[in-house]
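Single-structure report; data block below.
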Amino acid sequence: MNFTKPTHIAFLIASVITMVVAMFFEKFYLIYAQPFTVFTILVIYFVEKKDPTSVLYILSQLIGLVGGILLILGMRDHLKAVSILFSLFYIIYLRLMYVRNEMTKPEVRTYMYVILFSIPILYIYYILIKTVSSELKDVVIYFSCLMFFMLSYIITAVYYYLKDKKPTNLWMLIAAVNLGFMNILIGLNELYMYETIFTVIVTFCSVCIQVFVLKFMLHDKNDDANVLNLSDE
């Protein structure tokens with residue numbers, strides 16, 4: 001982020017206000033604050049993008065906004081809708097990663113590393129689901145789809161970064177790690193035991209995700225080509 005630019009300053013102000021609301025007010029009031037972080041990040045995208053406008057990226061931000069509002073209103077009451085919305089959200093992110101990566105055959109060790117990274121991730125989410133399973137009886141199918149696409153997104157981000165350590169894959173990996181951690185806290189906070197500090201951390205992670213996905217979208221592909229050319233020389 002470049003805080004000499006008005007759009008970036010606007011995003012910073014919106015993020016700080018959202019964090020203050022999360023820390024000192026009821027969670028419900030985030031409905032009025034959090035949308036401004038989405039709107040300002042979209043303004044930055046429209047102003048600074050070099051590639052053609054990505055409808056998928058815009059759609060993902062809007063879906064994330066609606067899903068986030070439903071989470072604020074209460075995940076228990078809107079679990080089916082939240083599962084559907086965020087399943088679409090992860091499908092879009094999977095597509096964005098696919099489009100930004102060339103179809104090259106990875107080394108065998110890449111698959112080995114992905115498996116090694118995936119085991120603790122799957123185990124942690126197994127423990128989480130086991131902890132909140134009593135709340136999922138009526139939405140097992142929807143929640144299972146959500147978990148499948150979310151874990152697919154996280155593991156795919158790991159895979160792409162291990163296969164090709166270019167900046168775009170790094171930004172999406174950082175976003176995926178943030179999102180994976182954030183979802184654990186959301187599950188515990190909404191379906192097991194509510195704590196204000198969890199809401200604050202989730203809000204901070206949400207802001208970080210927006211920043212790193214924006215960096216992913218704005219990164220110039222030509223920069224990667226220039227780096228490769230320099231390395232060849």
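The values are calculated or read from the model by the stated rules, or taken from the named source; none is laboratory data. This one's a predicted model, so the numbers in the text were calculated from it and none came from an experiment. Cβ sites come from the backbone with ideal geometry, for glycine too, and all protein chains shown count toward neighbours. Quick note on the areas: whole protein, heavy atoms, side chains included, nothing else; ligands and nucleic acids left out. Shrake-Rupley method; radii C 1.70, N 1.55, O 1.52, S 1.80 Å.
With respect to the stated conditions, LYS166 is at pLDDT below 90 and in contact with an Asp or Glu (Cβ under 6 Å, 6 or more places away or on another chain). Taking PHE89 as the residue in question, decide whether it is in contact with a helix residue (DSSP H, G or I) (Cβ under 9 Å, 6 or more places away or on another chain), open to solvent by less than 70 Å² (accessible area, probe 1.4 Å), within 28 Å of ASP220 (Cβ to Cβ) and among the aromatic types (Phe, Trp, Tyr). Yes; evaluated as a whole, the condition is true for this residue.
Looking across region 176-210, the residues that are open to solvent by 30 Å² or more (accessible area, probe 1.4 Å), touching a residue at least 60 places away in the same chain (Cβ under 8 Å) and under 17 Å from LEU79 (Cβ atoms) come down to ILE184, LEU188, TYR192. Which one is surrounded by the most Cβ atoms within 10 Å (Cβ to Cβ) among residues in region 149-175 that are of a type outside the set (Val, Ile, Thr) and free of Cβ contacts under 8 Å to residues at least 40 places away in the same chain? Going through the qualifying residues, I end up with TYR161.
Restricting to region 156-193, name every residue that is among the charged types (D, E, K, R) and touching a helix residue (DSSP H, G or I) at 6+ places or on another chain (Cβ under 6 Å).
LYS163, LYS166
Looking at THR37, THR7, just one residue is over 29 Å from PHE198 (Cβ atoms), in contact (Cβ under 8 Å) with a residue 40 or more places away in the chain, in contact with a helix residue (DSSP H, G or I) (Cβ under 7 Å, 6 or more places away or on another chain) and surrounded by 15 or more Cβ atoms within 10 Å (Cβ to Cβ), and that residue is THR7. Could you check, for region 50-57, whether at least one of its residues is closer than 18 Å to ILE209 by Cβ and not in a helix (DSSP H, G or I)? There is at least one residue in region 50-57 that is closer than 18 Å to ILE209 by Cβ and not in a helix (DSSP H, G or I).
Any residue at all in region 132-140 that's under 29 Å from PHE24 (Cβ atoms), over 18 Å from the mean Cα position of the chain (by Cα) and of a type in the set (A, V, I, L, M)? Checked against the condition, which is being under 29 Å from PHE24 (Cβ atoms), over 18 Å from the mean Cα position of the chain (by Cα) and of a type in the set (A, V, I, L, M), region 132-140 yields at least one hit.
Kindly indicate whether any position in region 79-89 is over 21 Å from THR156 (Cα atoms) and without any contact (Cβ under 8 Å) to a residue 60 or more places away in the chain. Yes, that holds for at least one residue.
Can you find even one residue in region 120-142 that is among the charged types (D, E, K, R) and under 30 Å from PRO52 (Cβ atoms)? Looking for residues that are among the charged types (D, E, K, R) and under 30 Å from PRO52 (Cβ atoms), one finds none in region 120-142, hence no. Select from region 67-80 the residues that are part of a helix (DSSP H, G or I) and open to solvent by 70 Å² or more (accessible area, probe 1.4 Å) and write down the one among them that is nearest to VAL43 (Cα to Cα). By that ranking, first place goes to LEU73.
Within region 92-113, the set of residues being of a type in the set (Val, Ile, Thr), touching a residue at least 24 places away in the same chain (Cβ under 8 Å) and exposed (fewer than 15 other Cβ atoms within 10 Å of the Cβ) comprises just one member, THR104.
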